[in-house]
Amino acid sequence: MTVERIINKVTQYCSWLYYRRWEKSELLAMAILTGLGLLILAIRAHRKAAADARRFRARPPVFDFRLSEHKRSHY
């Protein structure tokens, strides 16, 4: 398949969608599916942000001084 043929197929499909007479039920179904898709994306982004926050809180501090313990190194 050449690039020109692929572009023609995409253009044909888009023009078919544009000039098609849509029923109210089809438009409603597309709106519901689009809304559900956006909701799923928002939930996934929220879960990822929450997981990152938990991981950040669980991380130990960069400088950890233990003044009460003296470690001996055995050579």
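Would you please give the FRET efficiency between Leu33 and Gln12, computed as 1/(1 + (r/R0)^6) with r the Cβ-Cβ distance and R0 = 30 Å, to the nearest 0.05?
Details: r = 23 Å, r/R0 = 0.77.
According to the calculation, E is roughly 0.80.
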Inset, instruction - Report the FRET efficiency, 1/(1 + (r/R0)^6), for Arg5 and Lys48, where r is their Cβ-Cβ distance and R0 is 35 Å, rounded to 0.05. - result: 0.30
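Since every read-out is calculated from the coordinates, none of them should be taken as a lab result. These numbers were taken from a predicted model, which means no experiment stands behind them. Every residue, glycine as well, gets a Cβ built from its backbone with ideal geometry; the counts of neighbours run over all protein chains shown.
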